[in-house]
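The values are calculated or read from the model by the stated rules, or taken from the named source; none is laboratory data. Small disclaimer: the values here were computed from a predicted structure and weren't measured. Don't worry about glycine lacking a Cβ; one is built from the backbone with ideal geometry, like all the others, and counts go over all protein chains shown. Ligands, DNA and RNA are stripped out before the accessible areas are found, and what is left, the full protein with its side chains, is counted by its heavy atoms. Shrake-Rupley method; radii C 1.70, N 1.55, O 1.52, S 1.80 Å.
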Amino acid sequence: MTALTQHTEQLSTTTLLRFATAGSVDDGKSTLVGRLLHDSKSVLTDQLEAVEHASRSRGQEAPDLALLTDGLRAEREQGITIDVAYRYFATPRRRFILADTPGHVQYTRNMVTGASTAELAVVLVDARNGVVEQTRRHAAVAALLRVPHVVLAVNKMDLVDYAEPVFAAIAEEFTAYAASLGVPEITAIPISALAGDNVVEPSSHMDWYGGPTVLEHLETVPVSHDLTACHARFPVQYVIRPQTAEHPDYRGYAGQIAAGAFRVGEAVTVLPSGRTSTVTAIDALGESVDIAWAPQSVTIRLADDIDISRGDLIAPADDAPAVTRDVEATVCHVADQPLTVGQRVLLKHTTRTVKAIVKDIPSRLTLDDLSQHPAPGRLVANDIGRVVVRTAEPLALDAYADSRRTGSFLLIDPADGTTLTAGMAGASFAAVAEPEAAAAATDDAEWSF
Amino acid sequence: MTTVATVSEGTDNPYALSHLDSLESEAVHIFREVAGEFERPVILFSGGKDSIVMLHLALKAFAPAPVPFTLLHVDTGHNFPEVLEYRDRTVARHGLRLHVASVQEYIDAGKLRERPDGTRNPLQTVPLTEAIQQHRFDAVFGGGRRDEEKARAKERVFSLRDEFSQWDPRRQRPELWQLYNGRHAPGEHVRVFPISNWTELDVWQYIAREGIELPEIYFAHEREVFNRSGMWLTAGDWGGPKEGEQVETRQVRYRTVGDMSCTGAVDSDATTLDAVITEIAASRLTERGATRADDKMSEAAMEDRKREGYF
């Protein structure tokens, strides 16, 4: 093997981490993103020149790194981030996909979009202001979406004399709050995005901090889950039947494993029909394998020629989800048109789309203090609320807490195809401890958020 | 300390997918979603590396059955002969069906007018959108990547286009989890970008890993070129060089393949895949910044073209 081949091998066997950033512009999010990209040498000369040119023509002296990610005319004109921007960078240890999400409350839906596929969320706080409403909102969205890892980046430490007590107090308050929402892992890091402290390089100003830099943490955080703890799930996307002379009897069920692992020889159940069979082969994009796991795209073949089509779910015979037509969920409303009780919608779950009706909207969540507003009757853009939906056909639905992939769904307007809401089946937060703020805001003793 | 960290030390989890496997799995999932939900999908195929990777992914996604899509090439009339030869050979080898929409035919028929700068890239929009209407394609796969350009960075994997093929960035559907919403009214269609999340380096590494054949012009070779606005363009019948532009022979290669009038070559001695990957990994210029004149027209050139129906 030549040195060059080794180099190539190393580059292509690194893992991929998808993460999202949250925080308002004033917290220094653009500076942090700019610093990560710049210090990992992911901003190339012509991009930087374009930003410098555009900054100068706007009368700014220093290059405005936000122009790197604000790719739309309207964003540059208004100087704000409207929509999620995806950025790509790499270190020798890992490749990264960064969903750079807007911080304003009216763009909560975009943070939900960015967080839905993220394995990690970075929540930015200004060290001078500490935990504010916006911070709690970001923590709540990360908890709702069950982002496995949350980083609290306490920024602008240079403006508080790099004082440990300032950081410790903010980290403690945030950790207590986020843990009460069920965020499984919180890592607090004191940084100065502007000066570069603890972003890529360790800070010489904060000897008292012994943890990783932001980049070091991003490089080492685990990206795969304990497969034995996951219920194996395989939504059938497409049935492959060549019917050619070479493959006259081939019948394979193509899909992406949503959770867990499947093995040749395993007894499986097909839902919603409930028929059972055995896995005889797994074709992993051209290679025959004995075991495959999430999120691999594979083709599964079964021993029995049973009726299976797109929208069905294959699960282990001894670990299949319950089938239901009554869905209780937390949703984030993402459309400008409202969602109302009695509305007829389409529900898209894994590879299955069914007719449904909104039976009830029991409550709406106030993200600022996590209090609930009972029976709002409707949800409007950026609202988060509980809904009860009745479907025309049964669904093999998991709780979102058990599987982000098979516990999530969309509600779609059948008239014009608009994506109305993002749904998460089951209870909202992993922990049901009642934050003090919420207790003060509502007399209702029952905590359903 | 108030920090709660449970980072696993050192142990490499055997169930973590490599980044190329993750990207491949995601792209295959997208191809299969379209096959499952649309009536008349088509893959835009130019013979360039991104569309070659897309076709390779589609072949893997449906194997051992054939790819259930046709191909469409918008031929500017100024394409590299080596690339057209590659295109036709590939289509024949896989027994696929190729539609060609010709910019030259539109110009000859008086339906399009040549631009003063000779660039034909923006002229592709009309033949493309008319071909989509004529064949009633409802899903159109493109090889666009979000790392290419800042307006592309904002586009969804499933991008709804109206009956005029227009993109409205303010009215995009939020795209959540892996739940792609492809619903559209008759006359509308969806542009689908399975390799949205790939970078230029990912594409090259994947080509190397899978042993995919490419047109020769991606590798360093001696070529007659001339300099226009800082870019090395291939001399030819399409309209170059003009008076005052000197033709010289240089060792170059192409990072992108497009219309000859606006796609520049880069000086290079990379004659193998390994050498190309090393060169890309070390380059301080983006793919489009180095070789595309049409993106330099204005700060929002790509956004404006996409609004009109460009891919």
(request) Take segment A:293-335 and flag every residue that is within 14 Å of another protein chain (Cβ to nearest Cβ) and charged (D, E, K, R). (result) A:ARG301, A:ARG310, A:ASP312
(request) Any chance you could count how many residues in segment A:419-445 are open to solvent by less than 20 Å² (accessible area, probe 1.4 Å) and at pLDDT below 95? (result) 4
(request) Give the residue that is surrounded by the fewest Cβ atoms within 10 Å (Cβ to Cβ), with candidates limited to residues of segment B:19-51 that are in contact with an Asp or Glu (Cβ under 8 Å, 6 or more places away or on another chain) and part of a helix (DSSP H, G or I). (result) B:LEU20
(request) Considering only segment A:149-169, state which residues are open to solvent by less than 10 Å² (accessible area, probe 1.4 Å), assigned to a helix (DSSP H, G or I) and more than 9 Å from every other protein chain (Cβ to nearest Cβ). (result) A:MET157
(request) All but one of (1) in contact with a Lys or Arg (Cβ under 6 Å, 6 or more places away or on another chain); (2) modelled with pLDDT under 95 hold for B:GLN124, so report the exception by its number. (result) (1)
(request) Can you confirm whether segment B:99-113 contains a residue that is at pLDDT 95 or above, open to solvent by 60 Å² or more (accessible area, probe 1.4 Å) and among the basic types (Lys, Arg)? (result) no
(request) Out of B:ASP237, B:ASP274, report the one residue that is acidic (Asp, Glu) and either over 21 Å from B:GLN104 (Cα atoms) or surrounded by 19 or more Cβ atoms within 10 Å (Cβ to Cβ) (or both). (result) B:ASP274
(request) Just one of (1) within 11 Å of chain B (Cβ to nearest Cβ); (2) open to solvent by less than 40 Å² (accessible area, probe 1.4 Å); (3) in contact with a helix residue (DSSP H, G or I) (Cβ under 7 Å, 6 or more places away or on another chain) trips up A:ILE191, so point out which. (result) (1)
(message) Quick check on segment A:355-370. Is at least one of its residues assigned to a strand (DSSP E or B), surrounded by fewer than 23 Cβ atoms within 10 Å (Cβ to Cβ) and within 14 Å of chain B (Cβ to nearest Cβ)?
(response) yes
(message) Tell me the residue from A:ALA356, A:ALA294, A:ALA375, A:ALA315 that is in contact with a helix residue (DSSP H, G or I) (Cβ under 9 Å, 6 or more places away or on another chain) and of a type in the set (A, V, I, L, M, F, W, C), please.
(response) A:ALA294
(message) Please determine whether any residue of segment A:251-270 is touching an Asp or Glu at 6+ places or on another chain (Cβ under 9 Å) and without any contact (Cβ under 8 Å) to a residue 24 or more places away in the chain.
(response) yes
(request) Please state which one of A:GLY210, A:GLY196 is farther than 29 Å from A:LEU144 by Cα and either touching a strand residue (DSSP E or B) at 6+ places or on another chain (Cβ under 9 Å) or facing chain B (nearest Cβ under 9 Å) (or both). (result) A:GLY210
(request) Return a yes/no flag: does segment A:215-231 have any residue that is small (Gly, Ala, Ser) and modelled with pLDDT of 95 or more. (result) no
(request) Out of the residues in segment A:406-418 that are closer than 12 Å to B:ASN181 by Cα and buried (at least 24 other Cβ atoms within 10 Å of the Cβ), state the one that is farthest from the other protein chains (Cβ to nearest Cβ). (result) A:LEU411
(message) Of all residues being open to solvent by less than 60 Å² (accessible area, probe 1.4 Å) and of a type in the set (Gly, Ala, Ser) in segment A:292-308, which is nearest to A:PHE262 (Cα to Cα)? Just the residue, please.
(response) A:ALA292
(message) With the structure loaded, tell me whether B:PRO169 is in contact with a helix residue (DSSP H, G or I) (Cβ under 8 Å, 6 or more places away or on another chain) and at pLDDT below 90 or whether it fails that test.
(response) yes
(request) Could you list, in sequence order, all residues of segment A:170-185 that are more than 16 Å from the chain's Cα centre (by Cα), open to solvent by 20 Å² or more (accessible area, probe 1.4 Å) and small (Gly, Ala, Ser)? (result) A:ALA176, A:ALA179, A:SER180
(message) For segment A:215-243, give me each residue that is of a type in the set (A, V, I, L, M, F, W, C) and either within 13 Å of another protein chain (Cβ to nearest Cβ) or part of a loop (DSSP other than H, G, I, E, B) (or both).
(response) A:LEU218, A:VAL221, A:VAL223, A:LEU227, A:ALA229, A:CYS230, A:ALA232, A:PHE234, A:VAL236, A:VAL239, A:ILE240
(request) Look through B:ALA220, B:ALA235, B:ALA185, B:ALA270 and report the one residue that is within 24 Å of B:PHE158 (Cα to Cα), of a type in the set (A, V, I, L, M) and more than 20 Å from the chain's Cα centre (by Cα). (result) B:ALA185
